[in-house]
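The block underneath contains the structure these notes are about, expressed in structure tokens.
Readers should treat all values here as calculations from the given coordinates under stated rules, not as data from a laboratory. This structure is a prediction, so every number in the text was calculated from the model and none was measured. Cβ sites come from the backbone with ideal geometry, for glycine too, and all protein chains shown count toward neighbours.
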Amino acid sequence: MWTPSFYFLDYRGKLLYSLPGYLPPEDFRIVMRLGLAAYQIPRGKYDEAITILTDGLEKFASHPRSATLLFWRGMAQYLKSYDSQEFREAMSAIRDSYPNSPEARMWPWEEQ
């Protein structure tokens, strides 16, 4: 009610992605990429989503929100190929590069 909020909706008004609160410009550019990916992925436009997420990772590699970009890219790569190794590699990269991120805590596999 009193804070800015960002909502990404499809043409029918279905909520695809949202984020409450103020965002500095760099964060906003990352969130815009996430919103676009959230639109593309359910429509099977995995290559387009991977491209925009990769662009964000290249431009904002050290930003704390980049773990989310990497997670979504791994998800798009998995959905494109159904190769779980791609998603595992993305999660491993998140754990290595962003160990304190919420995404790093989402590792579902037991270590061997």
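Annotations
- Dipole magnitude (debye, nearest 20) for the range 25-106, charges at Cβ of Lys, Arg, Asp, Glu: 200 debye
- Once backbone amide H atoms are built at 1.01 Å from N, L16 has F8, L9, D10 as its partners under 5 Å, excluding neighbours fewer than 5 places away on the same chain.
- Entry note, the chain: relative contact order of 17 percent, from Cα contacts under 8 Å with a spacing of 6+ residues.
- DSSP loop GluC sites (Glu not before Pro) with at most 10 other Cβ within 10 Å excluded, longest remaining stretch of the chain: 1-109
- Net charge, L16 excluded, C-beta distance under 12 Å - Lys, Arg +1, Asp, Glu -1: +2
- Signed unit charges on C-beta, dipole axis of the range 25-106, positive-most listed residue A61, L34, I50: L34
- Axis of helix 25-40 versus longest Cα principal axis of the chain: the two differ by about 70°, to the nearest ten degrees.
- Separation of the R43 and E89 label points, Cα + 7 Å toward Cβ, nm: 2.7 nm
- Folded to 0 to 90 degrees: helix 84-97 orientation relative to the chain principal axis, Cα: 80 degrees
- Mean residue ellipticity (222 nm) of the chain, computed from DSSP H runs ≥ 4 via -39,500 (n - 2.57), nearest 500: -17500 deg cm²/dmol
- Simple spin-label estimate for D55 and R29 gives 1.1 nm between the two label positions (7 Å along the Cα-to-Cβ direction from each Cα).
- Estimated Rh, the chain: Kirkwood, alpha-carbon pairs, angstrom: 14.7 Å
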